[in-house]
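Once you've had a glance at the structure underneath, I'll fire off some questions.
The values are calculated or read from the model by the stated rules, or taken from the named source; none is laboratory data. Note that the coordinates shown come from a computational prediction; the quantities given were computed from them, not determined experimentally. Because the Cβ atoms are built from the backbone with ideal geometry, glycine has one as well, and the counts that use them run over all protein chains shown. Areas reflect the complete protein model, heavy atoms only, side chains present, ligands, DNA and RNA absent. Shrake-Rupley method; radii C 1.70, N 1.55, O 1.52, S 1.80 Å.
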Amino acid sequence: MGASRKSLPGQVLADPATGRPRPAPQRDAATTAVSVLAAAQGVWCLRVHDVAATLEAVQVTARWGAEAAAAAWAGEVQPR
């Protein structure tokens, strides 16, 4: 999946006053968020500009999810 700096994050983060999309070089945080969501849904390949930041974000999210699931199975967290 290639969400890196694409127009969707630019539109989502458009300037409220002008409606202009956020410039591509300023979309890295949004790209990381989209990439993490995609990875959590099973996307196995991501095209990104900031590989290190994306990798760390995906690793943290995966760890968080695994630990939350383990805690739920152990009865430490009550399901909603």
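Considering only residues of segment 16-46 that are more than 30 Å from Ala69 (Cβ to Cβ) and open to solvent by less than 70 Å² (accessible area, probe 1.4 Å), which is nearest to the chain's Cα centre (by Cα)?
Ranking the candidates gives Arg27 first.
So, in segment 1-15, of the ones that are of a type outside the set (Lys, Arg) and in contact (Cβ under 8 Å) with a residue 24 or more places away in the chain, which residue ends up farthest from Gly65 (Cα to Cα)? Steps first, answer last, please.
To start, the set of residues in segment 1-15 that are of a type outside the set (Lys, Arg) comprises 1-4, 7-15.
Checking which are in contact (Cβ under 8 Å) with a residue 24 or more places away in the chain leaves us with 1-4, 8-9.
Working: Met1: 21, Gly2: 23, Ala3: 22, Ser4: 24, Leu8: 26, Pro9: 24 Å.
The qualifying residue farthest from Gly65 (Cα to Cα) is Leu8.
On the basis of being in a loop (DSSP other than H, G, I, E, B), open to solvent by 70 Å² or more (accessible area, probe 1.4 Å) and either under 19 Å from Ala3 (Cα atoms) or modelled with pLDDT under 90 (or both), does Glu76 make the cut? Give the steps one after another, and end with the answer.
Working: in a loop (DSSP other than H, G, I, E, B): yes; open to solvent by 70 Å² or more (accessible area, probe 1.4 Å): yes; either under 19 Å from Ala3 (Cα atoms) or modelled with pLDDT under 90 (or both): yes.
Yes; evaluated as a whole, the condition is true for this residue.
Let me ask something else. Tally up the residues in segment 47-67 that are open to solvent by 50 Å² or more (accessible area, probe 1.4 Å) and either in a loop (DSSP other than H, G, I, E, B) or of a type in the set (A, V, I, L, M) (or both), please. Break it down into steps so the answer makes sense when it comes.
Within segment 47-67, the subset open to solvent by 50 Å² or more (accessible area, probe 1.4 Å) is 47, 49-52, 55-56, 59-64, 66-67.
Subset that is either in a loop (DSSP other than H, G, I, E, B) or of a type in the set (A, V, I, L, M) (or both): 47, 49-52, 55, 60, 62, 66.
Within segment 47-67, residues that are open to solvent by 50 Å² or more (accessible area, probe 1.4 Å) and either in a loop (DSSP other than H, G, I, E, B) or of a type in the set (A, V, I, L, M) (or both) number 9.
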